[in-house]
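Worksheet: the structure to be examined is printed underneath.
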Amino acid sequence: MPADRIPSKESAPDDRSSFMDSARRTTEVEPILTVHPKPGVAKPNPILTMDGLRRSFGGLTAVDIDHLEIERGIVTALIGPNGAGKTTLFNLITGFDRADRGRWEFNGQMVTSPSPDRLARRGMVRTFQLTKSLAKLSVLQNMLLGAPHQIGEQLWAAPFRPLWRNQEQANTERADELLEQFNLAHMRDELAGTLSGGQRKLLEMARALMSDPALVMLDEPMAGVNPALAQSLLGHITELALSGVTVVYIEHDMDVVSGISDWVVVLAQGQVIAEGGPWKVIHDEVVIDAYLGRRRAGTSS
Amino acid sequence: MRRGKILLGLALGLLMALAVPALAQDGADHGQTQLNGTIRFGFDQFFEGVTITVADSSGAEVGQAATDADGRWSVPVPGPGAYRVSIDTGTLPEGIGLREGQESVVDAVVDAGQSRAVVFAVGEAPKGTPFGERAAQTVFNGFKFGLIIAMSAIGLSLIYGTTGLVNFAHGELVTFGAVIAWYFNSSWGELNLIVAAVLTVIVCGMLGAGLESGLFRPLRARRLGIFQLVVITIGLSLLGRQLVQLFFGAEPLPYRDFQVQERWEFGPWAVTPREVATIAVIIAALVAVGLMLQKTRFGKATRAVADNADLAAVSGINVNRVVLIVWVMGAALAGLGGVFQGLDADIDPFLGFQLLLLIFAGVELGGLGTAYGALAGSLIIGMSTEVSTLWISPELKFVVPLAALILVLLLRPQGLFGVKARVG
Amino acid sequence: MDFDIIFGNAARAAFGPEAIILALAAIGLNIHFGFTGLLNFGQVGFIMLGAYGTSVAVATFGWSLWVGIPIGLFLALALAVALGIPTLRLHAVMFAIVTIAAAEIIRILIGSTDAIGLTGGPLSVSFDAGAFFDLNPYADGPQDRYGVGTFAFTGQQMWVITVGWLLVALVSFGVFLIIRSPWGRVLKSIREDQDAARSLGKNVFSYKMQALMIGGVIGGMAGVIDAIKTSGADPNGFRPQVTFYTYTALLLGGTATYLGPVLGAILFWFLREWIESFLRQLAAEAWLPGAIADFLEGSEGIISVGMVGLALVLLMLFRPQGITGNRIEMQLDAR
C-alpha cells in the first residue's frame, strides 16, 4: 500500500458543492449538520479545538492539522486508512505524546502543559487500541481506579480506613451499576486478566465512565471484538451520547461508522481531508479514493 | 629509546614489587604481626633511609621505620586490623618518586600473626609530565577501554535485540573468557597467549551455544516473563562468579605472556605492542560484525528478528538459528573482551561484573537496541573513565561514567541515539 | 556429622539480626518491585545510607545515636528523591541499571581514601552503640545465653533481635494498611500498566516517587539495624549482590504479598547457613577423601553463595510465585 496513492488535501475543494447539498438537506435533523462540511470548519459549540497541530517521526509527518473542532455532546468518528495518524492524534491530544508544534483547547481552556493524568482529571479520558485492563487486579478494582478525587488515594489518608470508607462504598455502588449496564456484573470479582478480549474492551469503557467524563476518546473500540459484542458496544456508545457525554472514536472500517456517528472526520497522511455527516462523507470521492486507493493497491500486490 | 628502556624497567620493577607479598609472607616470622616491604626500582636499585610511617585507623601513629641497605623495612603492629601506611617521599633520592597514579598513603589490613607486605611502586619521579601529554595518554587508554567495552557489549545488545533478554550474566561470560585464557596460558599446556585466546574464543562460543540451546531456548518456549528471565540470569551470574572464585580463587593474577613490553612512541603517545594489537583486533572484529549485520543474509535475518520475531518467523526465517548464532557470536566476543581486559588489568572473579555495569552504561547511553549507539556509548564510557583520572583519583574513576549515564538519561531518557516508543 | 549443630546454626541465622536486616530490605523492595513494579536494583544503596548515616553521625560528628538514626533514615529518603527525579520516567530495564549504578557510585565514594575523614573510607567506620544497649533488659553477662544448643543468642543479640523483629512486625502492618487502601490500588495499577493509570487521571510519577521513598526508608531501617548490630559500617558489605540477595528473599517468600518478604528472609538465611554449616561439618568428616576435604575447607561460604544463585534459577523455573504467591497471578504475568 504505497502512501502516495492516498490523495492529498489539494483535491478536496473540488467536492465542496456536494458537501453543501448534504448540509442543506439535513438542516432540520441536527444543529451540527447546519455546519458547512469542509475540513477544519468552525462548529457551534466545540469541546475541543486544535490549531496547527503537527507531529513527525523522523522524516514522516504523522499528524499535520491546520484546524479541527470537535462538537460537544455528539458522537464523532475519526476514520482514515492505516497510518493516517489517528492514534497519533489521540496520543497528542490526551498528552501521551508531545506535539512538535501547535496548540489545542479543551472545554474552553487552553491546554498548556499536556500531561495525560491532568487532562484525565479535567474530564478527558481515553481507551487504547490494545486494551489496557489491569490484569492482576479484579474487575471491581479496575472500576474503582476510574473514580476521581479519592481521599484514600492520598498517602496521608491511606492508612486510616474511616477517612475513605464511605467514599469507597459510594464508588463501589457506582461501579456495580456500570458493571451491570455493561454486562460484566458476573465477572466483578474475577481478575481482569481472565476476561475475553471483548469483555476487556467493555471493562475499559466502563472504567472510563467512572469519572463522569466530559469527553471520551475510544481508540478502535470495535477492533477484535466478536460481532454480537460489537453491537452491544455500539449501543453503549449511542447511550453515552444521549447522556450528554461527547464521544470521539477511531474506526478503521467505514461501514461501522455510518450507524452511530453524528459527524465523521477523515484523516489521511496526518491531514483532515474531509469532515461532515456520515452519509455524505462516506460517499465523498476524496474519501473513497483514500480508502479504495489503498484497497486496490492492497489486492494487486 | 631511552624512555622505552626506563618504562621497561618500570614494568619490571612493578612486576617484582607484585612478587614481594609472596616472598615476604613465606619468609616472615610467623606469630609476629607486622607490616613490611621493600622500596626498590628495577632489579638493582634499592633505596636506603626511606621513612615509612604506620598509623592505626584512628590516625594515631603506631610505628615508624627507615629502609635498610637492601631497601627493606618492617613495622610491628600491636594487633590485627586496618592500618594506614605512608611513605615520606622527601626521603627518596633526588629524581626518584612514586610512580604515576600511586598514592603516598596506602591502607592495609593485617590478620593476627600475619606479615603483610605493602607496596610502594617507585620509579623516576614524574617530572610533571606536560598536561597535554598526559591528556593524550588517557584519551588513548580510554579509547582502548571503550573498545573493550564495545566488543563485550555486542553480544549483550544483540541478544537483547533479538530475544528481549537482559543478560546480567554477560559479565561472567567476560570473566570466563579471561579465566579460561589464563588456564590455557598458565596451566593447561602453557600455551602462548595468542593460541590460548583463540581457544578461549572457541570455548566461549560453545558456552554461548550451550546456554542458548540448553537453557534459554527452552525457557522462551515456556514463555517465561521478562523479569523471571532477568532473575535467572542474575542467578547464573552469582553462580558463575562463585564458581570462578572456587576454582580460580579471588587473587588477581596476570597472564604469563606480553606483560613486559617496550613502548613505541607515536607523537605524544607511548604505547605497547600489545595495546596496538588489542585495538587492531577489536576494530577488526567490530568492522566484521558491522559488515555482517549490514551485508549478509544472516545480518538481514538478525535485524528482521530484532524488529519482529513473529513476523520474521512467518517470513521463513529460522529464528532459533539466528538467535543461536547471535549467542555464539556474542559469547565469543565477550570472552575475547575478557582476554583483553585481563591483559590490561589482571584477572579476578569480579573482572566481568565490574565491566558489566560499564557495558550496560554504554549500551544505555547510546540507546537500548541501537548497534551504533552502543558503540558510541561504549567509547564515551571508556573515555570518560580514563580521562577523568586527569583530575580525580583513579579509585574514583568508575564513578564518572556512571554519573554521566544518569545525567544523560535525565536529559534524554531514550539515550543519545534512541527513539521514543509510541504509546497505544 | 552433628545435625543438631547444623540446624542450630541455621535457626540462629534465620532468626538473628541478618534475617531482620534482610527482611526489612525485602519489605522495602516489595513496595518498589512487588506493588509498584519498579525494578529497583539498587536497594543496597538505601541500606548503605541508613547504616552510614547513623554510623557517621555518631562516630565522626560525635552526635547521639538517637540523632544518628533519623539522619540515616533521612539520607535514605533523600536518595529516593535524588534517584527518583531523573530515573522514574525511564524504561524498566534502564531504571534497573541506573539504580545499580547509583548504589555503586555511593559505595565507591564512601569507600574511597578521599572520604577517610568522613566515612572512614576503605578502613570502615565504627562507633559506640552504647546508647542502644543501655536499654537492654536482658542480662548480658559473659555466661548468659538464650536458647538451646547452637541456637542461642547473647543478651546483646537478644536485644537487637527483639527490637528488630518488633520493627519488622510494625513495618509489615503499616505496609498492609497502606497497600489495602485505594492508594495501594493505584500502585498496583501502575505496576500493571502505567499508561492505563495515567489515562485514569493518576499522577504516576508522584505515586512512584512516594513508593520509592517509603521502600527506601524501610531499606534505610535495615541499614540502621545493621549499623547498630555491628557498631559500624564497612563499604565492602554493600556490594550489588546485597540487592540480589534481597530479591532472592523476596522471590522466595512471594512478591506482592504481605508476609512474603519476611518469610523469604528467614528461609534465605536458614538455607544459606544450613548449607554452609553442613559443608563445614562435611569437610571435617574422616571418611571424606583428603582432596575433597581440602577443596571444601574455607570454601563453604563461596559455595553457599553460589547456591543462592542456583536457588534463584530453580525458583524461577519451578515456583516463580514463591512459597506464598498466587500461581494464577503469575500466569497472567507471562506477557
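Observations on the structure shown:
- Taking only the C-alpha atoms of the range B:187-260, Rg followed by Dmax gives 16.5, 51 Å.
- Coil-residue chymotrypsin sites (Phe, Trp or Tyr not before Pro) of the range B:324-395, DSSP, other Cβ within 10 Å capped at 12: B:Trp391
- 18 Å Cα-Cα threshold exceeded, pairs from C:Lys188/C:Lys208; A:Lys132/A:Lys201; A:Lys132/C:Lys188; A:Lys132/C:Lys202; A:Lys86/A:Lys136; A:Lys201/C:Lys188: A:Lys86/A:Lys136; A:Lys201/C:Lys188
- Residues C:Gln143 and B:Asn308, FRET efficiency given R0 of 51 Å [Cβ-Cβ distance, rounded to 0.05]: 0.10
- Excluding exposed DSSP-loop GluC sites (Glu not before Pro) (at most 12 other C-beta within 10 Å), longest clean stretch of chain B: B:191-424
- Equivalent ellipsoid semi-axes - Cα gyration tensor, the range B:131-411, angstrom: 30, 22, 18
- Sum of side-chain charges, B:Ala181 neighbourhood, beta-carbon under 15 Å (Lys, Arg +1; Asp, Glu -1): -4
- Between 0 and 90 degrees, the angle of helix B:297-307 with respect to the longest Cα principal axis of chain B falls at about 90 degrees.
- Projected area averaged over orientations for chain C, convex hull of C-alpha atoms, nm²: 19.0
- The label-point distance for A:Asp253 and A:Gln154, in a model that sets each label 7 Å from Cα toward Cβ, rounds to 4.7 nm.
- In plain terms, chain B is cut at each of the trypsin sites (Lys or Arg not before Pro) found in a DSSP loop with at most 12 other Cβ atoms within 10 Å, and the longest leftover piece is B:224-419.
- Exposure rule at most 14 other beta-carbon atoms within 10 Å, DSSP loop chymotrypsin sites (Phe, Trp or Tyr not before Pro): chain A longest free segment: A:1-155
- Amide H contacts of A:His67 (H built 1.01 Å from N, in plane; Pro and chain starts excluded): A:Gly52 sit under 5 Å, all sequence-distant by 5 or more or on other chains.
- Helical contribution to [θ] at 222 nm, DSSP H n ≥ 4, -39,500 (n - 2.57), averaged over chain A, rounded to 500: -11000 deg cm²/dmol
- Computed FRET value (nearest 0.05) for C:Ala131 with C:Glu285, which takes r as the C-beta separation and R₀ as 60 Å: 0.85
- Cα centroid separation, the range B:144-178 to the range B:296-367 (Å): 5
- Between the Cα long axis of helix B:131-163 and the first principal axis of chain B there is an angle of about 40°, rounded to the nearest 10.
- Sites listed here are chymotrypsin sites (Phe, Trp or Tyr not before Pro) in the range C:266-327 whose DSSP assignment is loop and whose Cβ has at most 12 other Cβ atoms within 10 Å: C:Trp287.
- The share of alpha-carbon pairs in the protein assembly as shown lying farther apart than 56 Å comes to 25%.
- Model label sites at A:Gln231 and B:Ala277, defined 7 Å from Cα along the beta-carbon direction, differ in position by 7.9 nm.
- Distance (nanometres) between label positions extended 7 Å along Cα→Cβ at B:Ala284 and B:Leu215: 3.1
- Checking every one of the chymotrypsin sites (Phe, Trp or Tyr not before Pro) in the range B:182-239 against DSSP loop status and a limit of 15 other Cβ atoms within 10 Å picks out B:Trp188.
- Estimated from helical segments only, the mean residue ellipticity of chain C at 222 nm is -22500 deg cm²/dmol, where each DSSP H run of four or more residues counts as -39500 (n - 2.57).
- Summed residue charge, Cβ within 10 Å of C:Pro240's Cβ, Lys/Arg positive, Asp/Glu negative: +1
- Top of B:Ala221, B:Ala334, B:Ala288 by mean-square fluctuation, Gaussian network on chain B, Cα under 10 Å: B:Ala221
- Per residue of peptide A:92-100, the mean number of Cβ atoms on other chains within 10 Å of the residue Cβ is 2.
Here, each number is a calculation from the coordinates, and none is a lab measurement. Because the structure is a prediction, the values reported are computed rather than measured. Note that each Cβ is placed from the backbone with ideal geometry, even for glycine, and that neighbours are counted across all protein chains shown.
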